[in-house]
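Q: Below is the structure I would like to discuss, written out as structure tokens.
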Amino acid sequence: MQQLSEFQMTQKITALVNRYVITDPGGVDVFAFAEQKRFMVKEEVSLWTGEDRSEVLGGFKARQVIDLGATYDVTGPDGTPIGAFRKDAKASLLRSTWHLTQGPEGAGPAARGTERSLGIALARRGWEVVDAVLPFPLPVPFVYHFDFVRDGEPVMSVERKIGFRDQYAIKIQDPALDRRLAFCMAVALDALQAR
């Protein structure tokens, strides 16, 4: 899995849990399965090797109770730290921004992930304000794409595909990026983005 650079993530919505399946781009081979329980006070998401939940791959957990700038620790199956990510609340007012680090305690140099298009970011925010006042039964028509860059070099990207189902293309440009960390970041971009 570490040698692969392109994946697809599909969200499956149920009443109390968001489920995410990460596969090859064709949707055949499953590499990871994640669940996010809704209405958690302290956000935590588990990542398994498949939908049967037979083997833990890792996961992420908030360091503190829900917070706009919360830091999330990513760990392996035995609890070993893989990295961390956090939302930059101030920068996210205009364009959603995340910081992603690899290594124990997020010790490695940070990659900064931002929405690719400022225009779409602003249009999406406008749509969400209108939807809050006059709810529309349709999903937000503006999709977001995130590009993560470290020292001017691309690290990874997550692109939401247009459609009624939440589907994302995950592309990893940094071969050293732990795929479990990339998967957790991709899940967080969908599960935590509205916070």
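The values are calculated or read from the model by the stated rules, or taken from the named source; none is laboratory data. What you see is a predicted model; the values in this text were computed from it and never measured. Virtual Cβ from ideal backbone geometry, glycine too; neighbours counted across all protein chains shown.
Q: Of the residues Ala111, Ala121, Ala91, Ala84, only one is under 17 Å from the mean Cα position of the chain (by Cα) and at pLDDT below 90; which?
A: Ala121
Q: For residues that are farther than 20 Å from Pro109 by Cα and polar (S, T, N, Q), tally how many sit in region 55-95.
A: 2
Q: Take Gly26 and tell me if it is among the small types (Gly, Ala, Ser), modelled with pLDDT of 85 or more and over 15 Å from Ile170 (Cβ atoms).
A: no
Q: Still on this structure, I have one more. Looking only at residues in region 149-176 that are farther than 14 Å from Gly113 by Cα and in contact with a strand residue (DSSP E or B) (Cβ under 7 Å, 6 or more places away or on another chain), which one is surrounded by the most Cβ atoms within 10 Å (Cβ to Cβ)? Before the answer, list the steps.
A: Step one: list which residues in region 149-176 are farther than 14 Å from Gly113 by Cα, which gives 160-169, 175-176.
Now restrict to residues that are in contact with a strand residue (DSSP E or B) (Cβ under 7 Å, 6 or more places away or on another chain): 160-161, 165-169.
Values: Arg160: 19, Lys161: 14, Arg165: 10, Asp166: 17, Gln167: 17, Tyr168: 24, Ala169: 16.
If we take residues in region 149-176 being farther than 14 Å from Gly113 by Cα and in contact with a strand residue (DSSP E or B) (Cβ under 7 Å, 6 or more places away or on another chain), then Tyr168 is surrounded by the most Cβ atoms within 10 Å (Cβ to Cβ).
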